[in-house]
Amino acid sequence: MEYHIPDARWGIFGMGDFESYSEKLVVKGFFHPAVPKDVVEAFEVAEYMMAHAYYHYKLYDEAFTKLLLIIEMAIKLRCANFNIPIVVIRKNGTNKDIPLEQLIIQVCKAEPLKNIEVELQWLRKGRNNKMHPKNHTFSGSIANFEKIKHGIVLLNKLFITEQSIHASVLKTLEKNKQLIQFKQGLYVLEIGDLRYLIESLNIEDALFVNNEWLYFMVAAPISNNIAEQVRGHNYAPPHTFIVKDITFEGNSLKIADVTTEKQISIITTDDPANVEIYKNFVIEKNEALAEFEGVTIIQTSSPFGQQYNDFLYKWLWKVSE
């Protein structure tokens, strides 16, 4: 049957069989227990859409459209948790839906620590564009893959307790205080036989999973073309790690990457050759930033954002309350 013929376009991306396709592009709906059953079951439909896109490439877009509708439903369900009305009664006794934009504002105001209003409003605009199309459009599966994963992260954040978020914020602050000596300077990052120069180390987030803390750690690289990066707003991606334990040994620290199981060291260095590289890096960076007043070095580049989203997608739904 024609509906059971694999779409040849997946072969272009090196996914010529269903197993490799589903492993790489079907986003599983991982949700913590507080996420309503209606949300979980609705996302299962999106999951099947992604799976069946193996037979029709453009169907993948519809999975993202389904996610946008699920998020709208989830926001309204969360409003019910806070007794936020989703309709107003007109003078003639009929109901009028309160705009989704206002519901997002109210939900986020109830739980400000989650800091997800900008992301939810962006998805709301995407929903509006999908619901009121001017012509047929197609975004492409690879582009929507990361968006769908991020949507799952937002759904988990929406229903997780703010106490959990608060605990994560406090733990992140605590750990960064312990890392104060690695916040700005010249350090060597050692991963096996590889060595990199970095200028700072930071814990971006902490999650309490299976009764222990997991940390998303970011090391900012020292680049030999920083001026070019600032002018092009295209920065070298930082080194990122997911770690459990951080061990201090004098002017160095040791960690183990949970994902790769590699042992990693960060060491303070005063090697003359490294110092010279660092001096030139600082001079070029400051000159470039002065040339483009108001520009900052943004570590949340696309690769960083994807890695951080992967961290939340993989672990947020497992957070211990």
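The values are calculated or read from the model by the stated rules, or taken from the named source; none is laboratory data. Every value quoted in this text rests on a predicted model; they were computed, and no experiment measured them. Quick reminder, even Gly has a Cβ in these numbers, built from the backbone with ideal geometry, and neighbours come from all protein chains shown.
Data for the structure
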item: Answer from GLY151, GLY126 - the residue that is assigned to a helix (DSSP H, G or I) and closer than 22 Å to LEU207 by Cβ; result: GLY151
item: Only listed residue being surrounded by fewer than 12 Cβ atoms within 10 Å (Cβ to Cβ), modelled with pLDDT of 90 or more and not small (Gly, Ala, Ser), chosen from GLU293, GLU261, GLU249; result: GLU261
item: Some residue of the stretch 2-9 being within 30 Å of TRP315 (Cβ to Cβ), in the same structural domain as GLN121 (by TED's automatic domain parsing) and out of contact with any Lys or Arg (no Cβ under 6 Å at 6 or more places or on another chain); result: no
item: Condition check for LYS254: within 28 Å of the chain's Cα centre (by Cα) and modelled with pLDDT under 90; result: no
item: Selected residue [modelled with pLDDT under 90 and in contact with a Pro (Cβ under 9 Å, 6 or more places away or on another chain)] from PRO238, PRO221; result: PRO238
item: Residue within the stretch 54-61 that is touching a residue at least 60 places away in the same chain (Cβ under 8 Å) and aliphatic (A, V, I, L, M) present; result: no
item: Scope the stretch 14-31; condition within 22 Å of ILE152 (Cβ to Cβ) and part of a loop (DSSP other than H, G, I, E, B); matching residues; result: MET15, VAL26, VAL27, LYS28, GLY29, PHE30, PHE31
item: ALA220 being over 16 Å from LEU189 (Cα atoms), surrounded by 18 or more Cβ atoms within 10 Å (Cβ to Cβ) and of a type outside the set (Asp, Glu); result: no
item: Any pair with Cβ under 6 angstrom, 6 or more apart, that starts in the stretch 276-297 at a residue that is at negative phi and assigned to a loop (DSSP other than H, G, I, E, B) and ends at one that is modelled with pLDDT of 85 or more and surrounded by fewer than 16 Cβ atoms within 10 Å (Cβ to Cβ); result: none
item: Members of the stretch 102-119 that are closer than 19 Å to THR65 by Cβ and at pLDDT 95 or above; result: ILE104
